[in-house]
Amino acid sequence: MPPTVGWIGCGVMGKSMVKNLLRGGYSVGLYSRTRSAAQSLIDLGAGWYSSPMALAMEHEIIISMVGYPADVEMVYLGEKGVFSTSPDELRCHTAIDMTTSTPSLAVQLAEAAAGLGIEVLDAPVSGGDVGAREGTLSIMVGGDPIALDRVSPIFQILGKPAILQGGHGAGQHTKMVNQTIIASTMIGICEGLVYARQSGLDPGRVLESVSGGAAGSWSLTHLAPRILAGDFDPGFYVEHFVKDLEIALAECDRMGIELRGLGLARQLYEEVVQTGGARLGTQALHGAIENLARDGRAS
């Protein structure tokens, strides 16, 4: 029998990931802030638990996919968190945080878990709602290689082969690399579409030409068509992307480097938040880019 899984967080991506585990034959228990957020998964056979601690007492593997580092800290270190009970009451032997969080918090969780006999992996993902739904997420892992081997069948259901990047926190650092690349890529995509429209081209036909060339990327293939269709529903929330960029910029400060493209992307996405787009998808950056293009032309 596969190990039992306790899952924390039932957001846009988490729901699809849990569905894939259920289809893969795993017994899954759930915790989220409200039971209603998990109801569709409960209807599919997942169990419901009143706290992260309750999950850890009855499940061998705990996986969290929540919004912010403060949420991660709460579900592991807070009252009735995963680590809030004694070792003899725990069934959990491995905890996997798949939230995009801070490298320092990943290290803190590993240190807190060591006394409980729990191995911790930081394993943030990339691929958005599409990757979560199709089980093709890219998984970046920090932690112990033996622990990774133990949970690799779970990662095989959720995405591509998980790649160990180093010790605790290395998965989160790798996700910062990922987000840094995406941030500037999204600026380029949005500016390219503004250029296409202004020059009188058919943007859809332009995408057919450029997607298969050197400009091709996951974001261009999956998000540019949504922009053209006026579909700004979230595969990944703008407010969460801003959080990621802030983490990356803080790490840059700590390391003594300046990444100007990353700083520009943070500024542009903050404009999306300020105009009410915090809960839109990251492709909503197009509106801010379009406004800037018009303002610059007017001046």
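FYI, it's all coordinate maths here, none of it is from the lab. Please read all numbers here as calculations on a predicted model, not as lab measurements. Cβ coordinates were reconstructed from backbone atoms using ideal geometry, including for glycine residues, and neighbour counts include every protein chain displayed.
Values computed for the structure shown
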read-out	value
Which of Met65, Met74, Met176 has the fewest Cβ neighbours within 10 Å, and the rest in rising order	Met74, Met176, Met65
Selected from Val107, Val141, Val206 as most flexible by GNM, with the chain as the system and alpha-carbon contacts under 10 Å	Val206
Contact order relative to length of the chain, as percent, for alpha carbon pairs under 8 angstrom and 6 or more apart	14
Sequence-separation-based contact order of segment 5-167, relative, with Cα cut under 8 Å and 6+ spacing, percent	20
q = 0.08, 0.11, 0.12 Å⁻¹, the chain: log10 I(q)/I(0) [Debye, one scatterer per Cα]	-0.37, -0.67, -0.79
Taking Glu111, Glu58 and counting other C-beta atoms within 10 Å, the order from fewest to most	Glu111, Glu58
Cβ-based net charge around Gln267, under 12 Å, with every Lys or Arg adding one and every Asp or Glu removing one	-1
Under 12 Å, Cβ to Cβ, from Thr99 - net charge with Lys/Arg +1 and Asp/Glu -1	-3
Reach of Lys160 by Cα under 21 Å, taken over lysines that are not fewer than 8 positions away in the same chain	Lys15, Lys19, Lys175
Choice from Val18, Val177, Val210 showing the highest fluctuation, given a GNM over the chain with Cα pairs closer than 10 Å	Val210
Least to most buried among Asp129, Asp97, Asp231 (fewest other Cβ within 10 Å first)	Asp231, Asp129, Asp97
Shape of segment 5-167, Cα gyration tensor, a/c cut at 1.5	rounded
